[in-house]
Amino acid sequence: MIASSDDIIIKTIARIFVPFIQIYALYVIMHGHYSPGGGFQGGVILGASMALLLITHGYDEVKRRLPEGVVMLLGSLGVLIYAGIGLTCLLLGGNYLDYSQLSVILHVDPAHARSLGILGVELGVGFTVMAIMYSIFFDISTGGFLPGDEKQSGEWGDNE
Amino acid sequence: MEVTLFIHAADDAFRILENAKVQAVGLLDTATRLTSETRWMEEKKVQGILKGAQATRSGFQNFVATFVMLMGFWALLSGKFDTFHLSLGVICSLIVAYLSHDLLFANVRVGDGRVIAQRFLRYIPWLLREIVTANFHVAYLALSPKMPIDPQIIRFRTKLESDISWVTLANSITLTPGTITIDIADREFMVHALDRKVAGDLDTGEMEDRVAHIFMEADHIYIQDVLDVSRIFAELKRGM
């Protein structure tokens, strides 16, 4: 169970840097089809920013910002976006993830459709990677027991 | 003859003294007026912040300020200014600003952000000069054959009041060669210093004063404040 850190320097620097890390992560995701980076890298950075917030500001602060349910929802949503775009291409008569087929729906030329399709897929990958990275870190750090679990309260209470 | 001269001299002296007294009283009056005016403004700001309506508005202001900063950072990173990428940037900045708008501007004390930014920018050259001079000193210590180091840990209580000023001071100390901030606990700094001179430099508290000046922690009188005020007084004096 992670409590709020009592090191003022680390806490303050993390507080100032987290928004910039998050916007950088989103930049990496959104520009994945132009420059190095993409969904996975950006998702990991986004997950890392939440992990940084978790180890500096503690469990309660992070839970208020990003509840467990939302994390799981984001993870599933990412897979849905990825698979949805792939299957749409399949249904439109192309191969799985053959983005050029999307030009029919998006009313743009095939090259542009590819670009937008990759962006959508990367968005999905980014969401999922962020949610799962964060979830793994969260589960390891709490040992799988949340403060709400009455049954296990004695067990994790010993660690405090 | 000599008596008249003496009387004249005494007369002159008295007149000069009188002038000086009048000027001093005038200066003090101006100083009191300026102080009471700033205090009145500060009190008004504090009262405003204590009101609930003001608090929600400042939350919204934080949101907007965070959004603007993130959008600027996005533009710097992206370098693409077509509608598509800019709208992506706006959406991303809105999401992040919504997620973390209370992080960037937490624990902000009463004070004008522009003044803080200006003073911080003026602080950087001074810090750089300190770093360069300390560099030479540490190089001297390392290169001299006897290596006259005297490592020591010094503790001092700080008069600074907000976390951001503590961190600024701690990181300034760490950036200056020869000194490293080990810990801040209960407003007490624990600093490792390489030798006595470096520790003495730190003990004079000039750095602390300057940091306090940046963040307008106005419960004390600081060297920099006195210097600023003296410039104002010089202006006033020229006007007289």
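The values are calculated or read from the model by the stated rules, or taken from the named source; none is laboratory data. Everything quoted here is computed from the prediction, not taken from an experiment. Virtual Cβ from ideal backbone geometry, glycine too; neighbours counted across all protein chains shown.
Quick notes
- Restricting B:115, B:132 to those that are surrounded by fewer than 15 Cβ atoms within 10 Å (Cβ to Cβ), without any contact (Cβ under 8 Å) to a residue 12 or more places away in the chain and not in a strand (DSSP E or B) reduces the list to B:132.
- Residue match in the stretch B:78-86 (condition: surrounded by 14 or more Cβ atoms within 10 Å (Cβ to Cβ), modelled with pLDDT of 90 or more and assigned to a helix (DSSP H, G or I)): yes
- The residue pairs whose first member lies in the stretch A:62-84 and is touching a residue at least 40 places away in the same chain (Cβ under 8 Å), whose second member is surrounded by fewer than 18 Cβ atoms within 10 Å (Cβ to Cβ), and whose beta carbons are closer than 6 Å, counting only pairs six or more residues apart or on different chains, are A:71/A:135.
- Residue ID - nearest to residue B:64 (Cα to Cα), chosen from residues in the stretch A:1-51 that are within 8 Å of chain B (Cβ to nearest Cβ) and among the polar types (S, T, N, Q): A:22
- Scanning the stretch B:166-193 for residues that are more than 10 Å from chain A (Cβ to nearest Cβ) and among the hydroxyl-bearing types (Ser, Thr, Tyr) yields a count of 3.
- Looking only at residues in the stretch A:75-111 that are under 17 Å from the mean Cα position of the chain (by Cα) and surrounded by fewer than 19 Cβ atoms within 10 Å (Cβ to Cβ), the one that is farthest from residue A:131 (Cα to Cα) is A:83.
- Near pairs, Cβ below 6 angstrom, 6+ apart or cross-chain, from the stretch B:85-101 (more than 7 Å from chain A (Cβ to nearest Cβ)) to any residue that is of a type in the set (Phe, Trp, Tyr): B:89/B:74; B:97/B:63; B:97/B:67; B:101/B:63
- Restricting the search to helices (runs of 4 or more DSSP H) fully inside the stretch A:51-160 and requiring at least 1 residues that are modelled with pLDDT of 90 or more gives A:68-91, A:110-142.
- Exclusive hit being within 30 Å of residue B:200 (Cβ to Cβ), basic (Lys, Arg) and modelled with pLDDT of 90 or more, set B:129, B:119: B:129
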